[in-house]
Amino acid sequence: MIYDQPLLDLVGRARQIHQRHHPSRDLQLCQLISVKTGGCPEDCAYCPQSAHYDTGVDNEKLLDVDAVLGAAQSAKAQGVHRFCMGAAWRDVRDGPEFEKVLRMVRGVAALGMETCCTLGMLNESQAERLAEAGLHAYNHNLDTSPEYYDKIITTRTYQERLDTLAAVRKAGITVCSGGIIGMGESDADRVGLLHQLAILDPHPESVPINVLVRVDGTPLARSETMDSLTLVRTIATARSVMPMSRVRLSAGRRSLNREAVTLCFLAGANSIFVGDKLLTTPNPERSEDTELLETLDLVPTGHEA
Ligand code: SAM
Ligand code: DTB
Ligand code: SF4
């Protein structure tokens, strides 16, 4: 099995695959904005935005279009290539709020940025409307293996997630789907997640690998710290089984040192989220990220010489 190879062999092979399919110094910078924060009816055990847990995250209204476009514009000025709008919704509902999100998508697309949304479940007609508005990608994670899934989420099925991904694909929007590690799952579960992603045909264009951000008040707040080499192994496996996909080192970078992050890049990660915040939790300082990129001679996508 690929995942079980000696780590240095696995990383070495993943790097070869990476170099065959991707420019070796390219790193795509993405930024998130939470357009609708908190109060989510789902019970995802990792999530600070679930209304089931007392995490101190308030239930806020949908942001104004102008506020979102302002944030996108300043992100673009900071070298960000992809802008992702997230909402703490179980699913998309037709109506004024969805119309407002469509205006956000049109506005971000007009800035010439890659637009991404993550709004929960959606149906085919909603996916088509997002596509018409200029949406490039839709993020909807499988999160973990089918076997471990019901230890983490009970309010939505694995099949419902696959159905949403199928609606996204059918509308011609690119698929962004990955998961979270460090939730107490086994090696077999990490392999199971990557297997589910890799049997999607075509593969997701984008595969976010999140390390659990432990948030007080959530059921996973006291999870054990994960060995960062497990993350490196997971990324190298993702790169090996999905050679063309962009593998994103997503949440959890604050718990990694720069050497671990460097190994993730060597193993095949070619995107990170930058900016002070992810959706509700902190992210590394932008100045630290800029320094790391300089040290490693990485070139942000869209800024090639
Ligand atoms: N509500 C929508 C949904 O679940 O599809 C969109 C937003 S939701 C916050 C997007 C993803 O963020 C989740 O699928 C999960 O993979 C990730 N996420 C949420 N909380 C996290 C945490 N504490 N640590 C790591 N990843 C997390
Ligand atoms: C993904 O896989 N990770 C991002 C993005 N998709 C939406 C979200 C991470 C959220 C981390 C917890 C928070 O900040 O609330
Ligand atoms: Fe809601 Fe998404 Fe958080 Fe689950 S991950 S509780 S669906 S915001």
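So here's what we get for this one:
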read-out	value
Eligible aspartates and glutamates near K277 by straight Cα distance, threshold 12 Å, same-chain separation 8 or greater	E285
Nearest-0.05 FRET efficiency for S255 and E147, computed from C-beta distance (R0 22 Å)	0.30
Most positive-pole-ward Cα, L135, M104, V247, against dipole of region 7-288 from beta carbon charges	V247
Ellipticity estimate at 222 nm from DSSP helix runs (n ≥ 4, -39,500 (n - 2.57)) divided over the chain, nearest 500	-11500 deg cm²/dmol
Extension gain from T295 to A77, taking 0.36 nm per residue of separation minus the Cα-Cα distance	76.3 nm
Estimated inter-spin distance, K170 and R103, nm [label 7 Å along Cα→Cβ]	2.9
Share antiparallel - DSSP beta bridges, region 7-288, percent rounded to 5	5
Two-site FRET efficiency, D43 against E224, from Cβ-Cβ distance with R₀ of 25 Å, rounded to 0.05	0.70
FRET E, pair I2, S186, Förster distance 25 Å, beta-carbon r, rounded to 0.05	0.95
Orphan Cys of the chain, criterion: no other Cys C-beta under 4.7 Å	C30, C40, C117, C176, C264
Packing-based ranking, highest mean first, of 223-231, 98-106 given that Cβ atoms within 10 Å are counted	98-106, 223-231
Probe 1.4 Å, accessible area per residue of the chain, Å²	44
Simple spin-label estimate for A51 and E124 in nanometres, 7 Å along Cα-Cβ	3.1
Relative contact order %, region 7-288, counting alpha carbon pairs below 8 Å whose residues are six or more apart	22
Fraction of accessible area attributable to carbon and sulfur, the chain (%, probe 1.4 Å)	50
Where labels lie 7 Å past Cα in the beta-carbon direction, separation of E132 and L111 in nm	2.5
Charge dipole magnitude, Cβ of K and R +1, D and E -1 - region 194-238, Cα centre, debye nearest 20	140
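The values are calculated or read from the model by the stated rules, or taken from the named source; none is laboratory data. All values derive from a computational prediction rather than experimental measurement. A quick note on method: Cβ atoms are made from the backbone with ideal geometry, for glycine too, and the neighbour counts reach across all protein chains shown. The area values use the complete protein model at the heavy-atom level, side chains included, leaving out ligands, DNA and RNA. Shrake-Rupley method; radii C 1.70, N 1.55, O 1.52, S 1.80 Å.
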